[in-house]
Amino acid sequence: MQKTLALTALVILCFTNGCQKATVNPENPSVPKKWKVTTVAGSGTASFINGPASGASFRFPEDIVATNDGSIVITDVLNGVLRRLAAGEVSTFAGSGEFGIVNGGPTQARFRSPYSLAIDGNGNIYSSDDNDPRIRKITSNGEVSTFAGTDVSGFAEGNAANAQFRAGSYLVTNAAGDLIVSDGINNRIRKISGGQVSTIAGTGAGGFKEGNGNEAEFNFPGGIAIDRQGNIYIADRGNHRIRKISADGIVSTLAGSGTHGNKDGNPSEAQFTLDMRDLVIDADGNLYLSDLDRIRKITPQGVVSTIAGSDAGFAEGDGKDAKFNYPNGMSINSTGDIFIADLNNNRIRKLSLQ
């Protein structure tokens, strides 16, 4: 899901190798802003409790999406429901808490392991499932239906009702309201538009190849984001790279040397782990990636830096001191705050410039 990021008070700092932007604090222009991490919901206990955010509990929150009304919807995987955080209170948005695939109203519907989320301009939410290949649609009032796919895991194009996907896909919507699917096990990037499913890029073979979308290869693609120009970015996990599909369908590498690790730096030197997960993008085209226990930033030029996290744990505060434990899904809101489903900490965290 993509939202706009309004960054204010920018000053241009010029160095010998060129000019770059640095964000400053308007209250004290001499002090640059820093990334700060806080918890917005979750006690850290793996259970199921609704109510005030600080006392609420989740059981492996997997993904998160900021909605048009300012609330947050969360896939609570091992509780089998979608939760909602609004005005400091956590409630159940959709799902009875019994596991299965059942469509219907918010208290009747069932999920197996709700996974990735996306939202369209009308407030409809789309969810994949880690244990079912179907993609579900959830209206703003919690009504659940099947949007695409069948109960058969596989690969088939065409009419959405008969198309086949693999479980555990990552989702994002584009400006036209189409749903773009990073179908990891099928090694393809697919589109659902007007009730029809097609492949944007990927042959289905797990490998690494650039070029035209119908010839390009991915290796277990994961998180996905789209910029304002229609370029698609993918966390290509098995290739340890961030790949780009241009608006005209050409696949290239934005960042990553192809080797496992967490080295920051220039596009050809940076390293990513096999556990990189979700991607979100801001209005300036900067990508943010959850990569094992770190949150990393990739500029439009492919320069990579770590803005929060280090080894696994739990700590709040400045990005360099904060800790996560397997952060997965993320969402960015209109003010530039990044919300993170911190899976093994059973908390919803917020990363913001302050």
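The values are calculated or read from the model by the stated rules, or taken from the named source; none is laboratory data. All of these numbers come straight from a predicted model, not from anything done at the bench. All Cβ positions, glycine included, derive from the backbone under ideal geometry; neighbour counts span all protein chains shown. Keep in mind that these areas ignore ligands, DNA and RNA; they rest on the heavy atoms of the full protein, side chains included. Shrake-Rupley method; radii C 1.70, N 1.55, O 1.52, S 1.80 Å.
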*Among the residues of the stretch 106-127, is there at least one that is closer than 25 Å to D76 by Cβ, in contact (Cβ under 8 Å) with a residue 24 or more places away in the chain and in contact with a helix residue (DSSP H, G or I) (Cβ under 6 Å, 6 or more places away or on another chain)?*
yes
_Which numbered condition V181 misses (of (1) free of Cβ contacts under 8 Å to residues at least 12 places away in the same chain; (2) open to solvent by less than 40 Å² (accessible area, probe 1.4 Å))_ = (1)
*Does the stretch 143-163 include one or more residues that are touching a helix residue (DSSP H, G or I) at 6+ places or on another chain (Cβ under 7 Å), at pLDDT 95 or above, open to solvent by less than 50 Å² (accessible area, probe 1.4 Å) and not in a strand (DSSP E or B)?*
no
*Filter pass, F218 being open to solvent by 10 Å² or more (accessible area, probe 1.4 Å) and of a type in the set (F, W, Y)*: no
_If a residue counts only when it is touching a helix residue (DSSP H, G or I) at 6+ places or on another chain (Cβ under 9 Å), which strands (runs of 3 or more DSSP E) contained entirely in the stretch 282-354 have at least 1 such residues?_
327-332
